[in-house]
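Input: a single structure, listed below in structure tokens.
The values are calculated or read from the model by the stated rules, or taken from the named source; none is laboratory data. No experiment lies behind these values; they were computed from the predicted model shown. Ideal geometry is used to build each Cβ from the backbone, glycine not excepted, and the neighbour counts take in all protein chains shown.
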Amino acid sequence: MNEEVNTLFLQANTCLDNEDFSESIKFYDLILKIDSNNILALIDKGTTLQILGRIKLAIRCFDKALEISPHNIDALINKGSALHLDEKYLNAIDCYDAALKIDKKCSMALAYKGLSLGELGNLNEAIDYFKRALSVDRYCTLAQISKETAQNLLNSSSPKFKKL
């Protein structure tokens, strides 16, 4: 990576640290003007757009990254996460499954798949995925918290508890 790109990444990270997400997008755009195929910039820009609630634009960034590198696990998981936020749970699961074909022990893909399954009402299957994620990474906070939540929902007889 050239020095100018490194400097722009540092500036983008400073903006992120200061929660100035809109400004960080400008730095990612500058990086992408220099190197339109910079996967890290595409993924980071997509993640930042997701934070800003601009889900469709985020998905476009992840798609562009996947065009360049179809087996990029980070792009697949992030795209799945964005689709999940857009309540497209089955599409999100497709992304997690693609990531799991590449690395069957990817704890984040397992945990996120569990979240989407939970949103679809498949709590038992969701719990199984959270357990699988924890068997790979016992410190996976997402899986720990989600497993407890899903278990509580499963044990609850109250109809007001429908989503994770």
For Arg138, the lone unmet condition from (1) surrounded by fewer than 15 Cβ atoms within 10 Å (Cβ to Cβ); (2) outside the structural domain of Leu49 (by TED's automatic domain parsing); (3) under 26 Å from Thr48 (Cα atoms); (4) not polar (S, T, N, Q) is (3)
Report task. Determine if region 106-127 includes at least one residue that is free of Cβ contacts under 8 Å to residues at least 12 places away in the same chain and either among the small types (Gly, Ala, Ser) or part of a helix (DSSP H, G or I) (or both). Result -> yes
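Each row is one residue, and each column tells you yes or no for (1) hydrophobic (A, V, I, L, M, F, W, C); (2) over 29 Å from Leu134 (Cα atoms); (3) in contact with a Leu (Cβ under 6 Å, 6 or more places away or on another chain).
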site: Phe27; (1), (2), (3): yes, yes, yes
site: Ile55; (1), (2), (3): yes, no, yes
site: His71; (1), (2), (3): no, no, no
site: Ala92; (1), (2), (3): yes, no, yes
site: Cys95; (1), (2), (3): yes, no, yes
site: Ala98; (1), (2), (3): yes, no, yes
site: Ile102; (1), (2), (3): yes, no, no
Across (1) assigned to a loop (DSSP other than H, G, I, E, B); (2) among the basic types (Lys, Arg); (3) under 23 Å from Arg54 (Cβ atoms), Lys79 clears everything bar (1)
Of Leu142, Leu153, Leu134, the only residue that is at pLDDT 95 or above and part of a helix (DSSP H, G or I) is Leu134
